[in-house]
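Undergrad: Pasting in a structure now, in structure tokens, and then I'll have a few things to ask.
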Amino acid sequence: MKREHVLQGREDICSCIRQHREKMNNMLPPAVIFDIDSTIMNTEPRNQRILAELASEHPEFRDYLAPLGRDGIGWNIARALEREGLSDPTLLALSLRFWKDRFFHNDYVISDEPYPEAIDCVKELEEEGFHILLVTGRDEPGMGIGTRAHFAEYGLEERETLRFFLKPDFAMSDVDFKGSFCTDAALHYSITATMENEPKNANLFNRTFPDALHIFIETITSPDPEPLDTSIIRARWC
């Protein structure tokens, strides 16, 4: 496949992963690693819920929040508000604290909506014999219950062929957690493919599982992302 090629939607993605499985020779169960936020789930509805609550509880933000209701927050609410002209450091700190207290919480993850075809992609791969490993930077204490309950609404309950792996501690970096996960996963699975929206994590998977297919989902990333390895395939859900 040409490096500049971008996979488009579930059919392209699943077909590419199936073809790659035929090239691998391993007695361990085939598995696909999926990130969750901004890979399977669109977090903007969660952000919009938080914006509405912020505007209701703190009217002084309303003029700055109105454009964000149309265009979205992106990665960081404080940066988004700065782009809209808010410069008061006290208000910026308040907004960031308000957002963090809710965004990383069981009660709010249920507001996320899956990207078009993302859930169907997960289900199709599982039905075709792949183990689904949902490896996320969400933390178990703060988001584990909500994450599992939300996915269950889409028929993706935790089971032998579909497992959730969340950080044990909020303070642990995503890349450190995913690095430690890789070490254990290599003992139990033949990692056929990975799907990520963060270049740093995608590059980590690429280095750790050189024989696997690595897919970068083009949604949003953290600020100043590291360059994506050119061997990683780009994809969009629609």
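Undergrad: For PHE130, all conditions in the list (1) in contact with a Ser or Thr (Cβ under 9 Å, 6 or more places away or on another chain); (2) closer than 29 Å to ALA185 by Cα; (3) without any contact (Cβ under 8 Å) to a residue 24 or more places away in the chain hold save one; what is the number of the exception?
TA: (3)
Undergrad: Could you list, in sequence order, all residues of the range 93-108 that are more than 12 Å from LEU54 (Cα to Cα) and of a type in the set (A, V, I, L, M)?
TA: Correct list: ALA93 only.
Undergrad: Within the range 205-229, how many residues are open to solvent by 20 Å² or more (accessible area, probe 1.4 Å), assigned to a helix (DSSP H, G or I) and touching a residue at least 12 places away in the same chain (Cβ under 8 Å)?
TA: 2
Undergrad: Here is a follow-up. Working only within the range 86-108, note down all residues that are more than 20 Å from ALA171 (Cβ to Cβ) and part of a loop (DSSP other than H, G, I, E, B).
TA: LEU86, SER87, ASP88
Undergrad: Does ILE132 count as over 18 Å from ASP174 (Cα atoms), open to solvent by less than 70 Å² (accessible area, probe 1.4 Å) and in a strand (DSSP E or B)? Spell out how you get there, then give the answer.
TA: On the way: over 18 Å from ASP174 (Cα atoms): yes; open to solvent by less than 70 Å² (accessible area, probe 1.4 Å): yes; in a strand (DSSP E or B): yes.
For ILE132, the condition - over 18 Å from ASP174 (Cα atoms), open to solvent by less than 70 Å² (accessible area, probe 1.4 Å) and in a strand (DSSP E or B) - is met.
Undergrad: Pick from GLU124, GLU117: which is more than 26 Å from ARG49 (Cβ to Cβ), of a type outside the set (Ser, Thr, Tyr) and surrounded by fewer than 20 Cβ atoms within 10 Å (Cβ to Cβ)? Can you show your working first?
TA: Numbers: GLU117 fails: more than 26 Å from ARG49 (Cβ to Cβ).
Only one candidate passes the filter, namely GLU124.
Undergrad: Of all residues in the range 135-146, which are farther than 27 Å from CYS14 by Cβ and either hydroxyl-bearing (Ser, Thr, Tyr) or not in a helix (DSSP H, G or I) (or both)?
TA: Residues of the range 135-146 that are farther than 27 Å from CYS14 by Cβ, as a first pass: 139-146.
If the condition is that a residue be farther than 27 Å from CYS14 by Cβ and either hydroxyl-bearing (Ser, Thr, Tyr) or not in a helix (DSSP H, G or I) (or both), then ASP139 is the only one that fits.
Undergrad: Could you please give the count of residues in the range 151-196 that are part of a helix (DSSP H, G or I) and touching a residue at least 60 places away in the same chain (Cβ under 8 Å)?
TA: Let us first name the residues in the range 151-196 that are part of a helix (DSSP H, G or I), namely 151-152, 174-188.
Then keep just the ones that are touching a residue at least 60 places away in the same chain (Cβ under 8 Å); that gives 185, 188.
Of the residues in that region, 2 qualify.
Undergrad: If you go through the range 142-156 one residue at a time, do you hit one that is surrounded by 18 or more Cβ atoms within 10 Å (Cβ to Cβ) and among the β-branched types (Val, Ile, Thr)?
TA: Checking the range 142-156: at least one residue is surrounded by 18 or more Cβ atoms within 10 Å (Cβ to Cβ) and among the β-branched types (Val, Ile, Thr).
Undergrad: Next question. Surrounded by 20 or more Cβ atoms within 10 Å (Cβ to Cβ), more than 19 Å from ASP37 (Cα to Cα) and out of contact with any Ser or Thr (no Cβ under 6 Å at 6 or more places or on another chain) - does that describe any residue in the range 168-188?
TA: Yes: the range 168-188 contains one or more residues that are surrounded by 20 or more Cβ atoms within 10 Å (Cβ to Cβ), more than 19 Å from ASP37 (Cα to Cα) and out of contact with any Ser or Thr (no Cβ under 6 Å at 6 or more places or on another chain).
The values are calculated or read from the model by the stated rules, or taken from the named source; none is laboratory data. Remember, it's a predicted structure, so these values are computed and weren't measured experimentally. Here the Cβ is made from the backbone with ideal geometry for all residues, glycine too, and neighbour counts use every protein chain on show. These accessible areas exclude ligands, DNA and RNA; they are computed on the full protein's heavy atoms, side chains included. Shrake-Rupley method; radii C 1.70, N 1.55, O 1.52, S 1.80 Å.
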